[in-house]
Each structure stands twice: as C-alpha cells, then as structure tokens.
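What follows is a single structure, written as structure tokens, with notes after it.
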Amino acid sequence: QVQLVESGGGLVQPGGSLKLTCAASGSTFKINVMGWYRQGPGKQRELVATITPDGDTNYVDSVKGRFTISRDNAGALVYLQMDNLKPDDTAVYYCYAHQLGNPYWGQGTQVTVSS
C-alpha cells in the first residue's frame with residue numbers, strides 16, 4: 001500500500017505561482033509513474049502531468065510552458081511548479097502514483113486562481 005499526501009494549494013491571483021508537493025509513504029518500493037491530475041468545478045478529472053523514474057515528463061497542452069513536474073531521486077516526493085496561473089487552472093489537484101499495476105491517489109489539494 002502507498003499513501004499519498006498533497007500540500008501547497010491555496011488562493012493565488014492570476015499570473016501568480018504555486019508549488020505543490022506530494023509525499024509518498026508506506027510501501028514505496030518500485031513506484032513507477034507519478035503525476036498530477038486535477039478536477040475543476042463541473043469538469044471531469046484530467047491529467048495534468050506525469051513523470052517516470054527516468055525523469056521523462058508529459059504535460060497536457062494547456063499547461064505546457066507554465067507547469068513543471070519533478071521528483072526526488074528516491075521517488076518518494078513529486079512536485080508541481082505552477083507559474084503564470086490562470087483562472088481556468090482552478091481545481092482540486094490530486095497526486096497519482098502507479099506501483100506494480102496498482103494506481104494510488106491522494107486526497108487532493110485545492111488551487112484557486114482568482115483576483
């Protein structure tokens with residue numbers, strides 16, 4: 001079992017920045033892909049970014065050039081640096097990890113972009 005805890009959400013003005021952190025605990029051996037999803041008001045959950053153990057990254061088009069995903073060498077922490085935030089980025093952001101064929105999710109952290 002893997003437990004994921006997100007932190008770093010909050011209220012920010014358009015054009016501002018936030019950095020989300022996800023800490024994995026429990027049986028973190030052989031965690032494979034980690035990433036972030038989000039679900040905005042009245043929207044379906046969507047993939048934001050993923051990162052492999054080798055550091056290969058993937059982003060949804062709407063955040064390319066603004067968001068950066070990274071992870072520590074031990075693979076127990078994953079970050080999402082979000083710059084030039086827009087009101088459409090408002091959502092609950094969920095950390096995701098894939099291990100031995102099983103997906104794991106955090107509880108989510110709220111990000112609100114508003115003036």
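Order of 12-20, 79-87, 53-61 by packing, highest average Cβ count within 10 Å first?
79-87, 12-20, 53-61
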Review point. Based on the alpha-carbon gyration tensor of the chain, what equivalent-ellipsoid semi-axes (square roots of 5 times the eigenvalues) come out, in whole Å, largest first?
Key: 24, 14, 12
**Study point:** Label-point separation in nm, D61 to N102, each point 7 Å along Cα→Cβ
**Key:** 3.7
Study note, to complete from the structure: Candidate cut points under chymotrypsin sites (Phe, Trp or Tyr not before Pro) in region 12-51, DSSP loop plus at most 10 other Cβ atoms within 10 Å of their own Cβ, are F29
Review point. Where a Cα-Cα gap under 20 Å defines reach, which lysines qualify for K19, not counting those fewer than 8 residues away within the same chain?
Key: K64, K86
Exercise for review: Rank G42, T68, G55 by how far each Cα sits towards the positive end of the charge dipole of region 12-77 (+1 on Lys, Arg Cβ; -1 on Asp, Glu Cβ) and give me just the farthest.
Suggested key: G42
Check your understanding: Simple spin-label model, 7 Å along Cα-to-Cβ: L11 to D72 in nm?
Key -> 3.1
Check your understanding: Relative to the Cα centre, what is the charge dipole magnitude of the chain, using +1 at the beta carbon of each Lys and Arg, -1 at the beta carbon of each Asp and Glu, and rounding to the nearest 20 debye?
Key -> 120
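A short reminder: the numbers here are calculations on the coordinates, not readings from a lab. It should be emphasised that the depicted structure is a prediction, and the values quoted were computed from it without experimental measurement. FYI the Cβ positions are ideal-geometry reconstructions off the backbone, even for glycines, and counts take in every protein chain you see.
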